Amino acid sequence: MFHISDRKINVGILGATGTVGQRFIALLASHPYFVVRSLGASERSAGKPYSKVVNWKQTDPIPAAVRDLIVNPCAPEHFADCTVVFSGLDADVAGDIEGAFRAAELAVFSNAKSYRRDPHVPLIVPLVNAYHLSMVPQQRSLHSPPLKKGFIVTNANCSTTGVVIPLAALERAFGPIESCLITTMQAISGAGYPGVPSLDIFDNVVPYISGEEEKMEWETLKILGGLSEGDDGLKAFDMHARTPLRMSASCTRVPVLEGHTETVSVRFAGGGSALFVVQFDDPMGSAAEC
Ligand SMILES: NC(=O)C1=CN([C@@H]2O[C@H](COP(=O)(O)OP(=O)(O)OC[C@H]3O[C@@H](n4cnc5c(N)ncnc54)[C@H](OP(=O)(O)O)[C@@H]3O)[C@@H](O)[C@H]2O)C=CC1
Ligand SMILES: N[C@@H](CC(=O)OP(=O)(O)O)C(=O)O
């Protein structure tokens, strides 16, 4: 009998020295079929052993399998052994680098925002819209030149991820939502390391996180909306167009180390409303509790 764990898949991590990259390494350390083969970071870290350049912030020690790996520059030729890369790159550089890895026929799963608005890139929260992965063949075929294996898939903003899970469940139970009002209380871990200055966050609530509100409003529509097909035969993300959804988010940062909280108020197109609180421990996407 075939067991998936019999088939090892070599993976690389881009941005391996950062907060998200470290979390990837910790999560993959005892994975049954992903094996971390290559680590990438900036020229500042490249050429040195991982343990010497990383400012390790996880509770468990650096896994033995990666401690002594020499960090590579983020160029596809250093990841020739890999079929998949997970990216925790700084968004300022993720666009070009992830694009080059896709063009080199690697499967790229990114945490950065750079491709989330791309009309051919799925923005996936697995419990909600895994079916959006059906966009991948079109993404490959429209690439110039067309690709056989390369593609990019992104995950969502952490606050978006936490809220779309209950929103999708509510829509399944009670029909389309027509308006949604969210207030977030986001932990400082979401801002990475060193993150928010202590004098700004200690004994305070910071009432604004740059770009966060727009991301929550836009990403929610892409994730909860379906797929439509145009006259040209191309698939498109319909952005909840069949039953328009008005989103309004207000994002704040609170002096909590880990765990975002959000209060959410929704009104259903068919009448009725709901008010709930969602709390999740891991900004990279653990299950939400309502
Ligand atoms: N989707 C989600 O839930 C979340 C997504 N994010 C996103 O993930 C990404 C990483 O965040 P975070 O880990 O906090 O960031 P960090 O600043 O901690 O890490 C950034 C990483 O990018 C690398 N890097 C920076 N510049 C370059 C370059 N020119 N070439 C190659 N590598 C480079 C750094 O390497 P070096 O150490 O050598 O400088 C480091 O490994 C961001 O885009 C962030 O917005 C973050 C939190 C949650
Ligand atoms: N903005 C989130 C983390 C983050 O980096 O989001 P994004 O992946 O959308 O850039 C926070 O500060 O808690």
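Selection of region 132-168 for residues being free of Cβ contacts under 8 Å to residues at least 12 places away in the same chain and within 26 Å of residue 260 (Cβ to Cβ) yields an empty set. The number of residues in region 89-113 being surrounded by fewer than 22 Cβ atoms within 10 Å (Cβ to Cβ) and within 19 Å of residue 144 (Cα to Cα) comes to 8.
Scanning region 193-207 for residues that are more than 21 Å from residue 20 (Cα to Cα) and either near ligand 2 (Cβ under 10 Å from one of its atoms) or in a loop (DSSP other than H, G, I, E, B) (or both) gives 202, 203, 204, 205, 207. Does residue 25 fit the bill of being within 16 Å of ligand 2 (Cβ to nearest atom), part of a helix (DSSP H, G or I) and of a type in the set (A, V, I, L, M)? No: the conditions fail for residue 25. Does residue 59 satisfy being modelled with pLDDT under 95 and either within 19 Å of residue 118 (Cβ to Cβ) or surrounded by fewer than 17 Cβ atoms within 10 Å (Cβ to Cβ) (or both)? For residue 59, the condition - modelled with pLDDT under 95 and either within 19 Å of residue 118 (Cβ to Cβ) or surrounded by fewer than 17 Cβ atoms within 10 Å (Cβ to Cβ) (or both) - is met.
Any residue in region 16-29 that's not assigned by TED's automatic domain parsing to the domain that holds residue 258 and near ligand 1 (Cβ under 8 Å from one of its atoms): show its pairings with residues that are of a type in the set (D, E, K, R) and not in a helix (DSSP H, G or I) at Cβ separation under 8 Å, as long as the two are six or more apart or on different chains. As it stands, the answer is 18/90; 19/57; 22/57, since those pairs meet every condition given. Within region 109-137, the set of residues being within 13 Å of ligand 1 (Cβ to nearest atom), touching a helix residue (DSSP H, G or I) at 6+ places or on another chain (Cβ under 7 Å) and not basic (Lys, Arg) comprises 110, 111, 112, 114, 115, 123, 124, 125.
Would you call residue 85 β-branched (Val, Ile, Thr), in a strand (DSSP E or B) and buried (at least 16 other Cβ atoms within 10 Å of the Cβ)? Criteria met by residue 85. Across region 208-220, the number of residues qualifying as in contact (Cβ under 8 Å) with a residue 12 or more places away in the chain, assigned to a helix (DSSP H, G or I) and surrounded by fewer than 22 Cβ atoms within 10 Å (Cβ to Cβ) comes to 5. Within region 2-13, is even one residue within 16 Å of ligand 1 (Cβ to nearest atom), under 30 Å from residue 196 (Cβ atoms), assigned to a loop (DSSP other than H, G, I, E, B) and aliphatic (A, V, I, L, M)? Among the residues of region 2-13, not one is within 16 Å of ligand 1 (Cβ to nearest atom), under 30 Å from residue 196 (Cβ atoms), assigned to a loop (DSSP other than H, G, I, E, B) and aliphatic (A, V, I, L, M), which makes the answer no. The lone criterion from (1) among the aliphatic types (A, V, I, L, M); (2) in a loop (DSSP other than H, G, I, E, B); (3) surrounded by fewer than 17 Cβ atoms within 10 Å (Cβ to Cβ) left unmet by residue 181 is number (2). Looking at region 30-82, which of the residues that are of a type in the set (Phe, Trp, Tyr) and assigned to a helix (DSSP H, G or I) is farthest from residue 100 (Cα to Cα)? Ranking the candidates gives 50 first. Of everything in region 88-107 that's part of a loop (DSSP other than H, G, I, E, B) and either more than 16 Å from ligand 2 (Cβ to nearest atom) or aromatic (Phe, Trp, Tyr) (or both), which residue is nearest to residue 30 (Cα to Cα)? Once the filter is applied, the top-ranked residue is 106.
Out of 233, 226, one residue alone is modelled with pLDDT of 95 or more and either surrounded by 17 or more Cβ atoms within 10 Å (Cβ to Cβ) or among the small types (Gly, Ala, Ser) (or both). It is 226. Against the definition (in the same structural domain as residue 266 (by TED's automatic domain parsing), at pLDDT 95 or above, more than 9 Å from ligand 1 (Cβ to nearest atom) and touching a Gly at 6+ places or on another chain (Cβ under 8 Å)), how does residue 175 come out, yes or no? Judged against the criteria, residue 175 is a match.
Which is of a type outside the set (Val, Ile, Thr), within 16 Å of ligand 1 (Cβ to nearest atom) and touching a strand residue (DSSP E or B) at 6+ places or on another chain (Cβ under 9 Å), of 48, 57?
Numbers: 57 fails: touching a strand residue (DSSP E or B) at 6+ places or on another chain (Cβ under 9 Å).
Going through 48, 57 in turn, just one is of a type outside the set (Val, Ile, Thr), within 16 Å of ligand 1 (Cβ to nearest atom) and touching a strand residue (DSSP E or B) at 6+ places or on another chain (Cβ under 9 Å): 48.
In region 142-178, what residues are in contact with an Asp or Glu (Cβ under 8 Å, 6 or more places away or on another chain), of a type outside the set (Val, Ile, Thr) and outside any loop (DSSP other than H, G, I, E, B)? Correct list: 159, 162.
The values are calculated or read from the model by the stated rules, or taken from the named source; none is laboratory data. Every value quoted in this text rests on a predicted model; they were computed, and no experiment measured them. Please note: Cβ atoms are built from the backbone with ideal geometry, for glycine as well, and neighbour counts cover all protein chains shown.
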